[in-house]
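Comments concern the structure below.
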Amino acid sequence: MKCYICEKQGMDTDAVGICIICGMGLCMDHLIREEQPVWEGGYPFPSQKLGRTLPRILCEDCAAAVKKGR
């Protein structure tokens, strides 16, 4: 798999990760590794944020959207 962002820029770079939200392949230069909160609860609600986080790989657009929603 190739990095989607690099491909749009005319470069040929292998992807090393995939955005957990949109599924975009990303190289080391374009991925964002960020701690994300863990939620627990029944469907559909109530849910609650647990006191721990998990590392996740995000693309720039999805990372910005997650930060905006906090």
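Details
- Hits in the stretch 22-70 - residues which are at pLDDT 95 or above and either in a loop (DSSP other than H, G, I, E, B) or among the hydroxyl-bearing types (Ser, Thr, Tyr) (or both): 22, 23, 24, 27, 28, 29, 30, 31, 59
- Of the residues screened, residue 44 is not one that is touching a residue at least 12 places away in the same chain (Cβ under 8 Å) and exposed (fewer than 10 other Cβ atoms within 10 Å of the Cβ).
- Residue within the stretch 4-15 that is modelled with pLDDT of 90 or more, crowded, with 17+ Cβ neighbours inside 10 Å, out of contact with any Gly (no Cβ under 6 Å at 6 or more places or on another chain) and not hydroxyl-bearing (Ser, Thr, Tyr) present: yes
- Within the stretch 26-35, being farther than 10 Å from residue 63 by Cα and either polar (S, T, N, Q) or touching a strand residue (DSSP E or B) at 6+ places or on another chain (Cβ under 6 Å) (or both) holds for 26, 35.
- Here is the figure for the stretch 1-41: residues that are in contact with a helix residue (DSSP H, G or I) (Cβ under 8 Å, 6 or more places away or on another chain) and without any contact (Cβ under 8 Å) to a residue 12 or more places away in the chain total 1.
The values are calculated or read from the model by the stated rules, or taken from the named source; none is laboratory data. Keep in mind it's a predicted model, so treat the numbers as computed, not measured. Cβ: placed from backbone, ideal geometry, glycine included. Neighbour counts: every protein chain shown.
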